[in-house]
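One structure is given below, encoded as structure tokens.
The values are calculated or read from the model by the stated rules, or taken from the named source; none is laboratory data. Please read all numbers here as calculations on a predicted model, not as lab measurements. Counting neighbours? That spans all protein chains shown, and the Cβs are built from the backbone with ideal geometry, glycine included. Accessible surface areas use protein heavy atoms only, side chains included; no ligands, DNA or RNA. Shrake-Rupley method; radii C 1.70, N 1.55, O 1.52, S 1.80 Å.
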Amino acid sequence: MFVGGIDVGTTGAKITIFENGKIVDSLYQKYAHDRFSNGDELDASLIKNAVFYILHETLKKYPAIEKIGVTSFGETFVCLDANDNILLPSFLYTSKIGVEETREIEEKIGQDLIGEITGLKIDSMFSLPKILYIKNNLPEIYAKIDKILLIEDYITYCLTGFRYIDYSLASRTMCFDVHKKIWSETILNKLAINSDLFSKPCKTGEFCGNLNSELLKKYAVNHDVKVYAIAHDQIANAIGSGIIKEGMSVDGNGTCECISVCYDINKVEDASFLCNEGYCVVPYLDNLYVSYILNYTAGALIDWVVHTYFSDYVGENIFEFLNENISDNVSDLMVLPYFSGCATLHPDKDIRGAIVNLSLETSKFDIYKATLESLCFEMKLNIENFKKHGVSINSLVATGGGSNNDVYLQMKADILNMSIYKISYKDAGTVGAFILMSEDDLKTALNPKNFSKIVEFCRVFEPNREKNAIYEKKFLHYKNMYKSIKGI
């Protein structure tokens, strides 16, 4: 059986093809234009065109495909009128649109109730403040809105004509009750927003309809192709990394870094710390939930270092070159990696980064190494905070572009003092899509014996105890950096 997992990102869409549980092919299509000129908006039609292209090419090559699953990035939504015309550009989470509306939400509803219902801290990054912005400032457009869809349910709607959104993606709107698993009438009524505008919530990995007849004809497919609403991309990534029980976590390291922590919320003595400190609460598998430890600038900060200090480098592998030239010793420099603000543990979009303890002997290689250390320290800061509140994190599965840097992964193992498992296939999100479309129940599919048939862990990085002892001393200073820089 052929199965396709589609992962829709902010710059392009990819599909991975599986045959009898084995990865056999993949295809990626970048959007014709990444974003509009301000960098914080996306044209949803470009996303649709890219997905239709990779699906068309895939069905030409693998016409026997029986299932398609869609996972996507979160928060961003598409507004359609009654004739399914796109009414305006889609705002990315980085857009400042909705900042004023967060104050209105705070006044009319309050953080305590928002946190209790949605598990989120009020923030303009989520869908609700941006929807409220349209309602308040673009009333003529708002009056025409017939459907509000996030990217996952927008694509599945385009493919099937049916509107379903899985729980994990719905939780990124800031108007979804993560406990009752329904749209919150309490929140929406206070803002005079109709819940019927949204898609029907469904379980992660739910079947939402067959590929519509028009597309079947267009793609010359003569059998039913089932389409599934998979999950928010971070959740698909967790499932594709074999995260099935509390204490397990996956580290998705790309432009941003996101550690998805799995836990039983009923065992958390005081879960209020989660939304208070910027951690979301996302429905996961069975009675388990996931929260995200998030750093806005991970790969983005490393890229900044490369472009700023090594722009003259000519060669195939810049990171191989950098890693060969850094000292084996712990760096004397301290870097605060908040070059785009801080997401968690201190939700603060105004804080900025810093490089501290520079000297005339400092080299650009020292700055590169200290940057890697700082990204590890930031995750350690959050992990320790979880442990303080009774949520244990025992190991990490590394995925994403950052998982290709073995020196970085060993450093992370040394600093976090835990085992780091490197997955053999970096696109764990599409693997998660395949698993959720499996005929087996999830526990069977994710059983280590069965899971190993799909994905292999190609390497385990164990912590160096001596290095860890040195890093622990440096970490004591890192803990105080936020307050020091915040005061400037």
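A few notes on this one:
- Tensor-based shape of region 133-203 (alpha-carbon gyration tensor, a/c under 1.5 rounded, otherwise prolate or oblate): oblate
- Helix 364-388 axis, angle to the chain major axis (alpha carbon atoms, nearest 10°): 70 degrees
- Apportionment of accessible area to carbon and sulfur, region 1-131, percent (1.4 Å): 48 percent
- FRET efficiency, residue 355 to residue 392 (Cβ-Cβ, R0 30 Å, nearest 0.05): 0.35
- For region 168-313, the fraction of 1.4 Å probe accessible surface lying on carbon and sulfur atoms is 46 percent.
- Spatially proximal aspartates and glutamates relative to residue 226 (Cα-Cα < 12 Å; intrachain offsets below 8 disregarded): 66, 206
- Along region 47-63 the Karplus relation, 6.51 cos²θ - 1.76 cosθ + 1.60 evaluated at θ = phi - 60°, assigns HN-Hα couplings of 5, 4, 4, 5, 5, 5, 5, 5, 5, 4, 5, 5, 5, 5, 8, 10, x Hz to successive residues, with x for each Gly and Pro.
- Furthest towards positive pole of dipole, 155, 187, 129, structure part region 88-202, Cβ charges: 155
- Summary: within the chain, the longest segment free of GluC sites (Glu not before Pro) located in DSSP loops with at most 10 other C-beta atoms within 10 Å is 1-268.
- With θ taken as phi - 60° and the Karplus curve 6.51 cos²θ - 1.76 cosθ + 1.60 applied, the whole-hertz 3J(HN,Hα) list for region 318-327 is 5, 6, 5, 5, 5, 5, 6, 10, 9, 6 Hz, x standing for glycine and proline.
- Amide H partners (placed H, <5 Å) of residue 182, local residues excluded: 177
- Reported to the nearest whole Å, the Cα centre-to-centre distance from region 255-284 to region 49-100 is 27.
- Surface analysis of the chain yields an accessible area of 42 Å² per residue, using protein heavy atoms and a 1.4 Å probe.
- Computed [θ] at 222 nm, helices only, for the chain once each DSSP H run of length n ≥ 4 contributes -39500 (n - 2.57): -10500 deg cm²/dmol
- Electrostatic tally near residue 258: other residues with Cβ closer than 11 Å to its Cβ, Lys and Arg +1, Asp and Glu -1, net -3.
- Average projection area in nm² (convex hull over Cα atoms of region 1-149, one quarter of hull surface): 10.8 nm²
- Sulfur and carbon atoms: percent of accessible area, region 324-375 [1.4 Å]: 45 percent
- Using a simple spin-label model with pseudo-atoms 7 Å out from Cα toward Cβ, residue 384 and residue 313 lie 3.0 nm apart.
- Length available on full extension from residue 473 to residue 32: 0.36 nm per residue minus the Cα-Cα distance, which gives 153.9 nm.
- Label-to-label distance, nm, for residues given as residue 106 and residue 320 (7 Å Cα→Cβ offset): 5.1 nm
- In order along region 89-101, the phi-based Karplus estimate (6.51 cos²θ - 1.76 cosθ + 1.60, θ = phi - 60°) of 3J(HN,Hα) comes to x, 9, 7, 7, 4, 7, 5, 7, 4, x, 4, 5, 5 Hz; Gly and Pro are listed as x.
- Normalised Debye scattering of region 307-436 at q = 0.11, 0.17 Å⁻¹ gives log10 I(q)/I(0) of -0.49, -1.12, counting only Cα atoms as equal scatterers and leaving out solvent.
- Only Lys, Arg, Asp and Glu carry charge here, each on its Cβ (+1 for the first two, -1 for the last two); on that basis the chain has a dipole of about 380 debye about its Cα centre.
- The angle separating the long axis of helix 127-137 from the principal Cα axis of greatest extent in the chain is about 60 degrees.
- Candidate cross-link partners of residue 245 among the aspartates and glutamates, defined by an alpha-carbon separation under 14 Å and a same-chain spacing of 8 or more, comprise 264, 286.
- The amide H of residue 67, built 1.01 Å from its N in the peptide plane, has 4, 226 as neighbours under 5 Å, considering only residues 5 or more places off or on other chains.
- Centroid-to-centroid separation of region 189-217 and region 321-346 [C-alpha atoms, Å]: 42 Å
- When the listed pairs 135/200; 108/130; 48/108; 388/479 are checked against a 26 Å cut-off, the alpha-carbon distance exceeds it for 48/108.
- Placed amide H near residue 12: partners under 5 Å, 5+ positions off or other chain: 31
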